[in-house]
Amino acid sequence: MSRAGEADSGLNANTVRRWETGERWPDPRYRKHLVTILGMPAADLGLLTPDEMAVRPQAETLHEFRRLWDMLTGDENGTGWDRASVLRALFGASMLPMVAPLLSLDPQAPHAHGKTIDPDSYTQIVRCQRELYWTSPSRPLYEAAYAHTQLGIGLLRAAGDNSRSSLATALAESALLTARLAFFDLSQPAIAERCYDVALAATREAGDHSLAAAVLGHMAFIPAFSNDPSGARPLIDAALQHTWHGVSPMVRSWLHCVASEVEARAGAGLASRHHIDLAANAIDTSSTPPGWLDFYNAGRLHSFAGYSALAAGDDAGAADQLTRALAGLSGHGAKQRSVVLADLATAHRADGDHAADYLNRAVDVLHTDWYGTGLDRVRAVRPVLGDGRQGAQLDERIAALTTARAALPGS
């Protein structure tokens, strides 16, 4: 990890002992180095959970994502920019006009001579897939969104000046959707990371600071979920730099909510609540947010505020905020419902019966509206039930849910 530039590993002999005894699972930031050191795939090393095994991409899918990345960087011989170089270039330009597009015109592309590329048709499919996110099975939609992202990269490399900007915007939205499906729904952070990179490069091509801020904000969730706040905070800072260029107040409010979750997961309750205050001050329900910002509204602010209150030890305040969030969820909020219910269980941890009821309701939701992040949250809250009958019953329900999920075709 030191050779890879991650000197602050946080590792000690006791941590490794807990891995070896199965007491704890290695976090993703460690797994990638274990794979490198031992020279074996994560699946062969037993580093993937049953859920991750169920949704891991096949070898040909990984090959396609490698090819997608090579297309993005123009490095189809494998000897050009690596991911770190690309991100340094993008971050370095975050406060400047977005110029020198990375996705440059390819004179050898099949549509580069004599044909006009219509970005509206591509954009319309992106819009439809975004709407399907709330009601469709995650795995098939992820595969469709990935294919559409790959198509967009090819189209953009062949596009002329007249259509490049609007096509790049649509590509950024498509890659963002694909990454969200991979990370939040299917628990595939490595694939999500690559898709976010594609989205970020496309926002630079499009000159769209709002989308760039959204992509960077989403990228911050990956290290935050791996208990690496030092990796998440620079991404939030870079996202907030884009807000200096006049983005929607709703985007700025959402970014502060993301920052609040980063700090809450780091145990910094005061810092988390400060960002919630900034989010509440920034939100403006009278303004029209971008069409792609369908994952945030005033109700979602209550959800973030509840999680922040839990980190600060204010269970009563958290219960109030989360109850508001639950009441405000629409039909499009089914996935988030399992997360809010799990957090409500934490807010009622002093009452075992009440906590068990909320967790069982969360599992009920997951049966009909699968959400990988929701299951992770249920598992994280599970210890509040202890080792008694209610805890054992919930364990059985979680095991049955994951078994049924793995057996579904295309799950």
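I'd like the full set of residues that are surrounded by fewer than 20 Cβ atoms within 10 Å (Cβ to Cβ) and under 11 Å from Ser308 (Cβ atoms), limited to the stretch 243-269. Steps first, answer last, please.
Step one: of the stretch 243-269, the residues surrounded by fewer than 20 Cβ atoms within 10 Å (Cβ to Cβ) are 243-246, 248-249, 266-269.
The answer is Ala268, Gly269.
Mind listing whichever residues of the stretch 128-162 are aliphatic (A, V, I, L, M), assigned to a helix (DSSP H, G or I) and touching a residue at least 12 places away in the same chain (Cβ under 8 Å)?
Going through the stretch 128-162, the residues aliphatic (A, V, I, L, M) turn out to be 132, 141, 144-145, 147, 151, 153, 155-156, 158-159.
Filter once more, keeping what is assigned to a helix (DSSP H, G or I): 132, 141, 144-145, 147, 151, 153, 155-156, 158.
Scanning the stretch 128-162 gives Leu141, Ala144, Ala145, Leu151, Ile153, Leu155, Leu156, Ala158.
Scan the stretch 356-377 and tell me whether some residue there is in contact (Cβ under 8 Å) with a residue 40 or more places away in the chain, open to solvent by 40 Å² or more (accessible area, probe 1.4 Å), of a type outside the set (Phe, Trp, Tyr) and more than 22 Å from Leu270 (Cα to Cα).
yes
Looking at (1) open to solvent by 20 Å² or more (accessible area, probe 1.4 Å); (2) touching a His at 6+ places or on another chain (Cβ under 8 Å); (3) farther than 23 Å from Ala345 by Cα, which one does His274 not meet, given that it meets all the others?
Just one mismatch for His274, condition (2).
So how many residues does the stretch 1-39 have that are under 23 Å from Asp376 (Cα atoms) and open to solvent by 80 Å² or more (accessible area, probe 1.4 Å)?
Final tally of qualifying residues: 6.
Can you tell me which residues in the stretch 361-411 are among the acidic types (Asp, Glu) and within 22 Å of Thr135 (Cβ to Cβ)? Give the steps one after another, and end with the answer.
The first filter runs over the stretch 361-411 and keeps only residues among the acidic types (Asp, Glu), leaving 364, 369, 376, 387, 395-396.
Once the filter is applied, which keeps residues that are among the acidic types (Asp, Glu) and within 22 Å of Thr135 (Cβ to Cβ), the stretch 361-411 yields Asp364, Asp369, Asp376.
Does Ser303 fit the bill of being modelled with pLDDT of 95 or more, buried (at least 24 other Cβ atoms within 10 Å of the Cβ), of a type outside the set (A, V, I, L, M, F, W, C) and closer than 18 Å to Val365 by Cα? I'd like the intermediate steps shown before the answer.
Values: modelled with pLDDT of 95 or more: yes; buried (at least 24 other Cβ atoms within 10 Å of the Cβ): yes; of a type outside the set (A, V, I, L, M, F, W, C): yes; closer than 18 Å to Val365 by Cα: yes.
Taking the combined requirement at face value, the residue satisfies it.
For the stretch 181-199, indicate whether the set of residues that are closer than 23 Å to Ala311 by Cα and open to solvent by less than 10 Å² (accessible area, probe 1.4 Å) is non-empty.
No, the conditions are met nowhere in the stretch 181-199.
List, please: which pairs have Cβ atoms under 8 Å, are six or more places apart or on different chains, and start with a residue in the stretch 34-46 that is without any contact (Cβ under 8 Å) to a residue 40 or more places away in the chain and end with one that is in a helix (DSSP H, G or I)?
Partner pairs satisfying both residue conditions: Pro41/Val35; Ala42/Arg31; Ala42/Leu34; Ala42/Val35; Ala43/Met53; Leu45/Leu34; Leu45/Val35; Leu45/Leu38.
Mind telling me which of the residues Ala232, Ala212, Ala239, Ala220 ends up being more than 21 Å from Ala305 (Cβ to Cβ) and of a type outside the set (Phe, Trp, Tyr)? Give the steps one after another, and end with the answer.
Values: Ala232 fails: more than 21 Å from Ala305 (Cβ to Cβ); Ala239 fails: more than 21 Å from Ala305 (Cβ to Cβ); Ala220 fails: more than 21 Å from Ala305 (Cβ to Cβ).
The unique qualifying residue is Ala212.
Please indicate, with yes or no, whether at least one residue in the stretch 313-328 is open to solvent by less than 10 Å² (accessible area, probe 1.4 Å), in a helix (DSSP H, G or I) and more than 28 Å from Asp387 (Cβ to Cβ). First the steps, then the outcome.
Taking the stretch 313-328 first, the residues open to solvent by less than 10 Å² (accessible area, probe 1.4 Å) are 318, 322, 325.
Checking which are in a helix (DSSP H, G or I) leaves us with 318, 322, 325.
Still in the running and more than 28 Å from Asp387 (Cβ to Cβ): 325.
The answer is yes; a qualifying residue exists.
So Thr243 fits all but one of (1) touching an Asp or Glu at 6+ places or on another chain (Cβ under 9 Å); (2) part of a helix (DSSP H, G or I); (3) among the polar types (S, T, N, Q); what number is the exception?
It fails just one condition, (1).
Specify which of the listed residues (Arg337, Arg349) is open to solvent by 20 Å² or more (accessible area, probe 1.4 Å), part of a helix (DSSP H, G or I) and out of contact with any strand residue (DSSP E or B) (no Cβ under 7 Å at 6 or more places or on another chain).
Working: Arg349 fails: part of a helix (DSSP H, G or I).
Going through Arg337, Arg349 in turn, just one is open to solvent by 20 Å² or more (accessible area, probe 1.4 Å), part of a helix (DSSP H, G or I) and out of contact with any strand residue (DSSP E or B) (no Cβ under 7 Å at 6 or more places or on another chain): Arg337.
In the stretch 163-180, what residues are under 17 Å from Gly291 (Cα atoms), in contact with a Pro (Cβ under 7 Å, 6 or more places away or on another chain) and open to solvent by less than 20 Å² (accessible area, probe 1.4 Å)?
Within the stretch 163-180, Leu167, Ala170 meet the criteria.
Applying the selection to the stretch 246-294, what residues are in contact with a Ser or Thr (Cβ under 8 Å, 6 or more places away or on another chain), in a helix (DSSP H, G or I) and hydroxyl-bearing (Ser, Thr, Tyr)?
Those that are in contact with a Ser or Thr (Cβ under 8 Å, 6 or more places away or on another chain), in a helix (DSSP H, G or I) and hydroxyl-bearing (Ser, Thr, Tyr): Ser260, Ser272.
Look at the stretch 21-42 and say how many of its residues are more than 22 Å from the chain's Cα centre (by Cα) and not in a helix (DSSP H, G or I). Please lay out each step first, then the result.
Of the stretch 21-42, the ones more than 22 Å from the chain's Cα centre (by Cα) are 21-24, 34-41.
Retained after the next criterion (residues that are not in a helix (DSSP H, G or I)): 21-24, 39-41.
Adding up the residues that qualify gives 7.
The values are calculated or read from the model by the stated rules, or taken from the named source; none is laboratory data. Keep in mind the model is a prediction, meaning the values are calculated, not measured. Neighbour counts are summed over all protein chains in view; Cβ atoms, including those assigned to glycine, are modelled from backbone coordinates with ideal geometry. To get the accessible areas, we keep the full protein, side chains included, count just its heavy atoms, and leave off ligands, DNA and RNA. Shrake-Rupley method; radii C 1.70, N 1.55, O 1.52, S 1.80 Å.
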